[in-house]
1. List every residue pair whose Cβ atoms sit under 6 Å apart, with the two residues 6 or more apart in sequence or on different chains, where the first one lies in the range 4-22 and is closer than 14 Å to GLU39 by Cα and the second, anywhere, is open to solvent by 40 Å² or more (accessible area, probe 1.4 Å) and modelled with pLDDT of 85 or more.
2. Restricting attention to the range 64-106, and to residues there that are of a type in the set (S, T, N, Q) and within 24 Å of VAL29 (Cα to Cα), which single residue is most open to solvent (accessible area, probe 1.4 Å)?
3. Is it the case, given these coordinates, that ALA51 is crowded, with 17+ Cβ neighbours inside 10 Å, touching a residue at least 40 places away in the same chain (Cβ under 8 Å) and more than 14 Å from the chain's Cα centre (by Cα)?
4. Considering only the range 1-79, give the helices (runs of 4 or more DSSP H) lying wholly within it that have at least 1 residues that are of a type in the set (Ser, Thr, Tyr).
5. How about the range 26-48: which of its residues are in contact (Cβ under 8 Å) with a residue 12 or more places away in the chain and open to solvent by 60 Å² or more (accessible area, probe 1.4 Å)?
6. Among the residues that make up the range 113-130, is at least one of them assigned to a loop (DSSP other than H, G, I, E, B), within 27 Å of PHE148 (Cα to Cα) and either aromatic (Phe, Trp, Tyr) or open to solvent by 40 Å² or more (accessible area, probe 1.4 Å) (or both)?
Amino acid sequence: TARQIVRPYIGALLKVLLPKLRVSSSDTVIAAVLEAVGELAVIGRDHSDEAVVVIARHRDALMAVIMDALQRGTPSKRRAALRTLGQLAACLGYVIAPYLDHRQLLDVLLDLLRTETDDEDGANRLELMRTIGILGALDPYRHRMIKFSLASFMSFGKTTEGTAA
């Protein structure tokens, strides 16, 4: 199968694809690269420790691209970002921690859940539900504490800027 053919080259493919996320400004290219990275993560999870190590090394950069795509992307770019986020979470065992590492993630996902009605077949909404399920549940108290600390941080920055002027 194609997976067996690709398996030995996962690390090399990832090393070529990951820089494309930083240099491309095209939503189509970024969506395609995210989808490819996600698929390589699925193949690597089952068959290659090297791929998991490469993906783990670039997790933060991937998450930055994913967060940007979720917040400002086209519907196809959001779908690719959601799918890749779920695949990365499954590959790396990166569950619940994304909510803690990226404090706005849960709010972004919940906002998308409320507003995502842009495609006829509901593919984005289905992918969103699947991704939320993979990432797991976050304790509501902990989420409130994260929101409170983020709000405090944001208001502190505004207060500091206002007093400095």
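1. Short answer, once both residue conditions are applied: LEU18/HIS58.
2. Within the range 64-106, the first condition is being of a type in the set (S, T, N, Q), and the residues that meet it are 71, 74, 76, 84, 87, 104.
Next, from what is left, pick out any that are within 24 Å of VAL29 (Cα to Cα): 71, 74, 76, 84, 87.
Working: GLN71: 80, THR74: 49, SER76: 62, THR84: 1, GLN87: 19 Å².
Per the criteria, the residue is GLN71.
3. Numbers: crowded, with 17+ Cβ neighbours inside 10 Å: yes; touching a residue at least 40 places away in the same chain (Cβ under 8 Å): yes; more than 14 Å from the chain's Cα centre (by Cα): yes.
Answer is yes for this residue.
4. Where helices (runs of 4 or more DSSP H) fall fully within the range 1-79 and carry at least 1 residues being of a type in the set (Ser, Thr, Tyr), they are 27-47.
5. Our first condition is that a residue be in contact (Cβ under 8 Å) with a residue 12 or more places away in the chain; within the range 26-48, this holds for 27-28, 30-45, 47-48.
Passing the criteria: THR28, GLU35, GLU39, ARG45, HIS47.
6. Initially, the range 113-130 is screened for residues assigned to a loop (DSSP other than H, G, I, E, B), giving 116-122.
If we keep only those that are within 27 Å of PHE148 (Cα to Cα) as well, we get 116.
Still in the list and also either aromatic (Phe, Trp, Tyr) or open to solvent by 40 Å² or more (accessible area, probe 1.4 Å) (or both): none.
Within the range 113-130 (the criterion being assigned to a loop (DSSP other than H, G, I, E, B), within 27 Å of PHE148 (Cα to Cα) and either aromatic (Phe, Trp, Tyr) or open to solvent by 40 Å² or more (accessible area, probe 1.4 Å) (or both)), the answer is no, since none of the residues qualifies.
The values are calculated or read from the model by the stated rules, or taken from the named source; none is laboratory data. Small disclaimer: the values here were computed from a predicted structure and weren't measured. Positions of Cβ are generated from backbone atoms using ideal geometry, with glycine treated the same way; all protein chains shown enter the neighbour counts. Note: accessible area is taken over every heavy atom of the protein model, side chains too, but ligands, DNA and RNA are not part of it. Shrake-Rupley method; radii C 1.70, N 1.55, O 1.52, S 1.80 Å.
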